[in-house]
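The values are calculated or read from the model by the stated rules, or taken from the named source; none is laboratory data. These numbers were taken from a predicted model, which means no experiment stands behind them. Backbone-built Cβ (ideal geometry, glycine too); neighbour counts: all protein chains shown.
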Amino acid sequence: MATRLTTILVIVIVGATFIAGLMVGAQRDDASGPVDLIIVNGKVYPGGGAELQEAVAVRGNQILRVGTNREVKRLRRPQTLVLDAHGGTVIPGLNDGRVQLMAGALALDRLDLSSATTIDDLETGLRDYAVDASARPWVLARNADTALLENPTVAPRKILDAAVPERPVFIVSEDGRVAWVNSKALEIAGITRRTRNPEGGVVAKDRRTGEPTGVLRDAAIDLVSHMLPRLTRVEKIAALRAAIDEAHKLGVTSVHSVTPGEEELDLLSTIRKQGDLTVRVYGSIAVSPTIGEAEVAELDKLREEYPDDPTLKLAGVEITCEKRGPELSTCDPAALERAVTLLDKHNWNVTVRTAGGADVRAAVDAFDHVAVSNPAPRERRYRVDDSLLTDGTARLLFGSNWPAASLDPRDALEEAVATPAELLPAIDAYTAQVAFASHDEQRKGTLKAGMLADIVILSNNIFDKRPESLRETAVTVTIFDGKIVYQRPAAATDD
């Protein structure tokens, strides 16, 4: 009876929403009203497997119509802004399923070593950057090739001392698990031959002398990162604004951001109050697998400050299982089950970030247990990150894990798409599916009447079945809430 009642209630709610949508849609589709923006001559993918269209019309901050050029052009009024896609692809605004927004914002100001494939490349990049950033007390770099930093045949401390002898240097690998530091940085952090490995980390030492080599792994990286200069609140807000601008250039209009605390949310709230938060943020708090009642109660209070909102809300928690060895993880199955059960009772959307196959199994078992032990009539949308479930019951979401990896969605799409048939599901994984995960599928993630007008225009038709078409494609226009927030500069021409 309970199951049937729940089903009936769902049908009633969906039915009422559908009827209201028809009423509102009928009002918005009034051709005599203002149409603020139209996009024509595009290869428009509305999302969700829908057929390609040609044009989109926007009124205010919502989609008014998706259809043919003829259907949309007739809505044009004298004040309407017309954007010609010139045959390029038009898709919903991209939604990155996992970033660390504050960490990424702060990393933007560091030297990007992603193009350095040799030690010589790394040294040259550091020397040049040290000159350009001569006023900065530290030389900071990111996205270094992990294999390069793990190379056992090199002496990182000596290399960095030679490249930048007078200031501390701190380089982090692309996966965030290995760092190189020079003698100045080791001295500031108080790391010597007597320093013991922290739990979950390694301070690499020379086998002959016992002195630190300059390589730090996992938790040992914090020994130095905690010594970096602290930014002011104003500087952090400026960094977040720069990160938002970077997202716009890549067509990203929404992110699921994982943060260790409330500071990021507070800074984003300040930007929102200033009217400048032009990316939608679904916040998740990182928690320990051993989280208890008191900590959850504090999270509940914080959630009240950021309720459901199209631009900024807190609704998720992420339990992280960290690798502690070939067969060990921080997520004990029993502890994980207790944590998920506790968080579920407080109506949190739970993500488990796994470190291996055993963690995936433990997470799925915990989710199954909750469904039985706490049969509350609500729709759960739990997530297992860094894993692939192929039993047909899971939805695939794409997330960059920026700044540990590139924010550019093309990287994930290129890796995921092997055949043309896989392109549309991949786009959905970066749009509609991520919106579903945050209970936002009724307002974003697809292009249809009544949805928020978050739209991306690409330079090429990525559906032309050429393997290289995606990499050759750039974002030409990003639209957020019905307004243009990025437009690619016109290419320079010779006079």
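Annotations for the structure displayed:
- Within the stretch 51-73, if we keep just the residues that are surrounded by 14 or more Cβ atoms within 10 Å (Cβ to Cβ) and of a type in the set (K, R), the residue that is farthest from G450 (Cα to Cα) turns out to be K73.
- Filter result for D411 (outside any strand (DSSP E or B), of a type in the set (D, E, K, R), touching a Gly at 6+ places or on another chain (Cβ under 8 Å) and assigned by TED's automatic domain parsing to the domain that holds T253): no
- Tallying residues that are within 13 Å of R383 (Cα to Cα) and either modelled with pLDDT under 95 or of a type in the set (S, T, N, Q) (or both) within the stretch 424-436 yields 1.
- Scan of the stretch 204-224 for residues that are surrounded by 15 or more Cβ atoms within 10 Å (Cβ to Cβ) and among the small types (G, A, S), ordered by number: A204, G214, A219, A220
- The criterion of at least 3 residues that are within 30 Å of E422 (Cα to Cα) is met, among strands (runs of 3 or more DSSP E) falling completely within the stretch 47-86, by 55-59, 62-67.
- Residue check: A405 meets all listed conditions (1) at pLDDT below 85; (2) exposed (fewer than 14 other Cβ atoms within 10 Å of the Cβ); (3) under 28 Å from N143 (Cβ atoms) but one, namely (2).
- Here D454 fulfils each of the conditions (1) surrounded by fewer than 21 Cβ atoms within 10 Å (Cβ to Cβ); (2) in contact (Cβ under 8 Å) with a residue 24 or more places away in the chain; (3) within 18 Å of G42 (Cβ to Cβ) apart from (1).
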